[in-house]
Amino acid sequence: DQQVKQNSPSLSVQEGRISILNCDYTNSMFDYFLWYKKYPAEGPTFLISISSIKDKNEDGRFTVFLNKSAKHLSLHIVPSQPGDSAVYFCAAGGNRDDKIIFGKGTRLHILP
Amino acid sequence: DAGVTQSPTHLIKTRGQHVTLRCSPISGHKSVSWYQQVLGQGPQFIFQYYEKEERGRGNFPDRFSARQFPNYSSELNVNALLLGDSALYLCASSLVAGANSPLHFGNGTRLTVT
């Protein structure tokens, strides 16, 4: 049973435009949601997170939106840059549950 | 500051053998987690250790075990290797346990079982 779902395996976006990566979850007990970015031959790198009590968190070019009623979150990257080409993982966890559950990832291609 | 370091980077083993993977966390981080990533999937949780005690265990068989040492480094052991154990094994450290303490990953150990 996949508790964190990323339904788009890949996404292509023109450089300078907005990239929107989506994620759905099934467990309403999650307290935190996180986005990680992964380049080939490297481990995932933490990007941004959001607490379940908030609906938006912004850090530079990255903004995460949380819609609890829809059990949906999204990562917005604007403007998209060539270095943003990577695999993005959505992840979620609880304060008491020590495991973080990851989605399958979305490969983002930034086109010149 | 050094990031999370894992050794070895690559490993080839034969079915039935045993393997030990090692991880050094970021200085000051007391929690270490292990994840398995197979091609096309996200990382899957195996273990979390905090202050040398097991805090969580994922849905993996008893062939998988781990421990954390007094200096907070950690080892993941896998016995009786199967072909399906071939994967990238990721270690991550965090300041404390809990989802609000982001994980910092190493570059992983690529295990191939033949």
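For every residue, the table says whether it meets (1) crowded, with 19+ Cβ neighbours inside 10 Å; (2) within 11 Å of chain A (Cβ to nearest Cβ); (3) of a type in the set (F, W, Y).
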{"position": "B:S65", "(1), (2), (3)": "no, no, no"}
{"position": "B:Q68", "(1), (2), (3)": "yes, no, no"}
{"position": "B:D85", "(1), (2), (3)": "yes, no, no"}
{"position": "B:F105", "(1), (2), (3)": "yes, yes, yes"}
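Tell me, please, whether a residue that is in contact with an Asp or Glu (Cβ under 6 Å, 6 or more places away or on another chain) and in a strand (DSSP E or B) can be found in the stretch A:25-37.
If we filter the stretch A:25-37 for residues that are in contact with an Asp or Glu (Cβ under 6 Å, 6 or more places away or on another chain), which is where we start, we get none.
Checked the stretch A:25-37: no residue is in contact with an Asp or Glu (Cβ under 6 Å, 6 or more places away or on another chain) and in a strand (DSSP E or B).
Based on what the data block shows, is A:G43 of a type outside the set (D, E, K, R) and in contact with a Lys or Arg (Cβ under 9 Å, 6 or more places away or on another chain)? No, not satisfied. Scanning the stretch A:22-60 for residues that are facing chain B (nearest Cβ under 8 Å) and more than 16 Å from A:V4 (Cβ to Cβ), we see that the one that is surrounded by the most Cβ atoms within 10 Å (Cβ to Cβ) is A:G43.
Would you mention how many residues in the stretch B:32-46 are in contact with a Gly (Cβ under 6 Å, 6 or more places away or on another chain) and more than 7 Å from every other protein chain (Cβ to nearest Cβ)? Before you say what the answer is, go through the steps one by one.
Taking the stretch B:32-46 and keeping what is in contact with a Gly (Cβ under 6 Å, 6 or more places away or on another chain), we get B:42, B:45-46.
After this cut, where a residue has to be more than 7 Å from every other protein chain (Cβ to nearest Cβ) as well, the list is B:46.
Qualifying residue count for the region: 1.
One residue stands out among those in the stretch B:1-31 that are among the hydrophobic types (A, V, I, L, M, F, W, C), outside any loop (DSSP other than H, G, I, E, B) and more than 12 Å from chain A (Cβ to nearest Cβ): the one that is nearest to the chain's Cα centre (by Cα), which is B:L21. For the stretch A:77-112, a residue qualifies if it is within 14 Å of chain B (Cβ to nearest Cβ), crowded, with 21+ Cβ neighbours inside 10 Å and outside any loop (DSSP other than H, G, I, E, B), and the qualifying residues are A:A86, A:Y88, A:F89, A:C90, A:A91, A:A92, A:G93, A:I101, A:F102, A:T106.
Of everything in the stretch A:2-24, what is within 16 Å of A:C90 (Cβ to Cβ) and in a loop (DSSP other than H, G, I, E, B)? Give them in sequence order.
A:Q2, A:Q3, A:Q6, A:N7, A:S8, A:P9
No value in this document is a laboratory result; all are computed from the given coordinates. If you're wondering where the values come from, they're calculated on a predicted model, not measured in any experiment. Note: ideal-geometry Cβ built from the backbone for every residue, glycine included; neighbour counts use all protein chains shown.
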